[in-house]
1. Taking Cα atoms, how many degrees apart are the long axis of helix A:440-450 and the longest axis of chain A, rounded to 10 and kept between 0 and 90?
2. Express the accessible area of the protein assembly as shown per residue in Å², computed with a 1.4 Å probe while the remaining protein chains stay in the model.
3. For chain A, take the longest principal axis of its alpha carbons; what is the angle in degrees between that and the long axis of helix A:455-479, to the nearest 10 within 0 to 90?
4. Report the charge-dipole magnitude of the protein assembly as shown in Debye, nearest 20, computed about the Cα centre from +1 at each Lys and Arg Cβ and -1 at each Asp and Glu Cβ.
5. By the gyration tensor of its Cα atoms, with a ≥ b ≥ c the square roots of the eigenvalues, what is the shape of region A:446-545: rounded for a/c under 1.5, prolate for a/b over b/c, or oblate?
6. Tilt of helix A:501-520 relative to the longest C-alpha principal axis of chain A, in degrees (0 to 90, nearest 10)?
7. In region A:213-259, what residues drop by 10 Å² or more of accessible area when the other protein chains are put back, versus the chain on its own? Use 1.4 Å, and skip ligands and nucleic acids.
8. Of B:L6, A:F5, A:S535, whose Cα points farthest to the positive end of the dipole of the protein assembly as shown (charges on the beta-carbon: +1 Lys, Arg; -1 Asp, Glu; origin at the Cα centre)?
Amino acid sequence: MKLTFALIGNQNSGKTTLFNQLTGSNQHVGNFPGVTVEKKEGNIRKYKNTTVVDLPGIYSLSPYSSEEVVTRDFILKDKPDGIINIADATNIERNLYLTLQLTELNVPMVLALNMMDEIESNGIFIDIKKLQAELGIPVVPISASKNDGIEELIETAIKTCEQHTLPQKHDFCSGELHKAIHAIAHIVEDHAKKAGVPPRFAATKLIEGDAPMMKTLALHKNEIDLINIMVSDMEHSLGTYRDAALADMRYAYIEVLCANAVTKQHGETKEQLRSLQIDALLTHKYLAIPIFLVIMLSVFWFTFGVLGTALSDLFSAGIDYVTQAADTLLTQLDISEGLHSLIIDGVFAGVGSVLSFLPTIVILFFFLSLLEDSGYMARVAFVMDKLLRKVGLSGRSFVPMLIGFGCSVPAIMATRTLASDRDRKMTILLVPFMSCSAKLPIYAMFTAAFFPDNGAIVMMALYLMGMITGILSAILLRHTRFHGKAVPFIMELPSYRFPSAKSVLLHMWEKAKDFLVRAFTIIFLATIIIWFLQSFDFRFHMVADSGDSILASIGRLIAPLFRPLGFSDWRAATALLTGLTAKEAVVSTFAVLMGAGDGDALIPILGQLFTPLAAFSFLTFTLLYMPCVAAMAAVRRELGSFKKAVLAMGYQTAIAWVVAFVVFTAGKVMGF
Amino acid sequence: MTLDTLIIGSSGIITAVGGEPALRRRLLDMGLTPKTKVMVRKAAPFGDPIELFLRGYELTIRKEDAKNITIERC
């Protein structure tokens with residue numbers, strides 16, 4: 001029999017580390033349908049017949065975030081054979097709060113009590129037997145980062161599932177609340193069974209005022225009325241709100257439990273004291289921002305500067321070498337001109353240019369996972385939150401946006417770490433407005449041609465315009481597509497911990513694999529299509545002059561769309577189209593279409609196509625319009641839907657048109 | 001008094017938690033329930049959000065959200 005386990009726990013409880021220890025590198029990463037919440041699954045090593053699904057890090061089973069809803073739905077609808085609940089033993093009170101809710105789901109369950117090494121080194125004692133008896137579920141002490149207790153955990157989990165041992169205890173409350181839960185469970189029993197929900201879980205959720213549960217159960221009007229009367233009676237006699245009553249009772253139960261089973265000194269653990277000292281510097285009133293900027297600049301310098309460039313160059317040299325070899329071979333074999341061009345100009349050139357992103361991505365994610373796993377990202381969010389709140393985002397979005405100035409692809413991939421679905425989607429839409437480094441050659445060429453004396457100012461203006469558009473766009477999105485309040489920014493600041501090499505390496509591998517898969521599927525296809533359009537005319541003859549190609553014809557067709565922006569020449573439109581493969585291609589396309597040998601020869605003749613104002617308008621459009629295929633593929637992947645990705649592209653291109661139009665018209669009015 | 005007005009370094013005991021349902025629920029879930037002792041650890045460089053110490057862990061929360069938590073000084 002194949003066993004499926006759901007791995008559930010708080011954020012920062014070491015869930016990912018445990019998942020990595022359980023599965024090793026055989027993991028599949030995907031999204032839950034319809035939301036941008038990551039779904040990872042894999043077999044437990046040495047146990048081929050088991051699957052573990054890593055569910056998002058959550059603190060409760062309330063219905064207010066998509067992470068919590070996904071977790072609930074997974075357990076209620078996909079019906080895993082068992083739950084492995086991981087809890088941080090150094091923060092046991094808050095972690096057990098989720099445990100108590102999970103036991104109500106009436107699924108075989110094991111509690112993995114993590115970070116036991118820290119518990120021991122701090123002289124804290126946890127009575128595992130007592131905990132087990134009180135919670136009514138098996139408890140296994142582990143240390144995920146030290147790989148301690150994992151075997152025992154696996155064996156216990158499998159045994160609990162195979163014997164289908166359900167949690168023994170459900171009653172953690174007494175008095176009025178207890179009465180209400182039982183009475184309501186009785187009323188909804190039939191509905192709950194029909195909907196496949198444990199009646200007890202249904203009852204507590206109804207008392208908490210859980211709207212989705214109300215809908216799932218499809219209660220009759222008179223039943224709803226009856227429940228409401230019972231709940232308000234309970235509220236009245238307890239003197240508290242319905243949801244507060246349950247949270248209160250759960251925590252009260254846990255407090256008593258911990259007083260009996262946990263012996264600890266008062267105050268902070270050694271790790272917490274160390275974190276406080278580190279934070280005295282890293283979240284210092286005046287030093288926090290400079291230190292953050294220094295850290296990010298070093299990351300950029302390594303990624304896009306020394307290390308990244310060296311590796312990228314090496315990588316491109318390798319690709320060039322293989323391309324050369326293939327080219328020679330094809331010539332020797334006397335392969336037809338069309339196929340030769342497809343392989344060299346289409347496949348090798350296209351995939352090669354995309355592959356040269358790979359070293360950048362790997363290096364960037366090396367640093368990002370160091371920052372994330374050590375606990376520093378939470379501090380960045382803490383420090384930057386006030387700045388981003390005005391646009392309706394939280395501090396967590398700051399880092400992906402910043403990475404966007406380097407490359408949109410890893411920036412979009414980095415939104416995975418954001419805690420809320422809404423923030424993730426919004427950040428994904430905004431990242432491409434941060435001008436990526438691939439657009440620099442375009443700016444450089446145009447400023448050299450049109451604004452030789454004010455190059456720096458024009459560049460600055462472009463970067464600034466990208467950021468302002470991002471901000472305005474965020475405000476616009478908040479009032480339309482993402483209206484309503486943001487998920488409240490209530491975030492744990494975990495103790496600083498040394499990142500484990502295994503987690504960092506697995507993270508890099510995962511991102512690299514993810515990117516490679518896309519490079520050879522969607523990006524591959526896109527580059528072939530562009531190559532085809534560039535190399536053939538409508539009668540499928542290969543063209544000698546790229547001005548006769550299908551792409552050029554499409555360029556001519558759409559060129560009038562850009563007339564209001566000040567540039568209606570088909571060559572500009574065509575360059576924008578080829579820019580979709582990679583933004584650098586805009587420069588080379590102009591060079592080819594204008595008959596210039598290279599970028600330098602292009603500078604004096606660009607003036608034939610643009611007035612300085614139209615050139616600036618063109619740059620504005622280039623800055624903001626839809627990103628390259630690699631970024632598009634990342635957007636599609638992270639949004640989890642092709643349609644949404646297309647909408648996002650349409651949105652960005654529309655914004656680009658409007659802003660460029662405003663720039664051009666305003667410029668004309670001002671007499672430029 | 002409310003939690004956002006507590007001076008950095010001092011502690012209070014929660015007496016009530018208000019706010020709109022999603023927010024209140026989140027606060028309760030994180031352990032900010034009545035009778036819990038909370039210490040204000042520090043404020044972020046721009047003065048907001050603030051960092052709290054409760055139930056043996058560190059939590060950060062915005063001042064505007066902390067307004068919904070009534071406390072008694074201790």
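1. 40 degrees
2. Values: 30880 Å² over 746 residues.
For the protein assembly as shown, the solvent-accessible area averages 41 Å² per residue.
3. Between helix and principal axis, roughly 40 degrees.
4. Roughly 1120 debye, rounded to the nearest 20.
5. Numbers: a/c = 1.93, a/b = 1.31, b/c = 1.48.
In terms of gyration-tensor shape, oblate.
6. Approximately 50 degrees, to the nearest ten.
7. Flagged in region A:213-259: A:Y241, A:D243, A:A244, A:A247, A:D248, A:Y251, A:E255.
8. B:L6
The values are calculated or read from the model by the stated rules, or taken from the named source; none is laboratory data. Bear in mind that the values here come from a model prediction, so they are computed numbers and not experimental data. When we count neighbours, we look across all protein chains shown, and the Cβ atoms used for this are built from the backbone with ideal geometry, even at glycine. Surface areas here come from the heavy atoms of the whole protein model, side chains and all, with no ligands, DNA or RNA. Shrake-Rupley method; radii C 1.70, N 1.55, O 1.52, S 1.80 Å.
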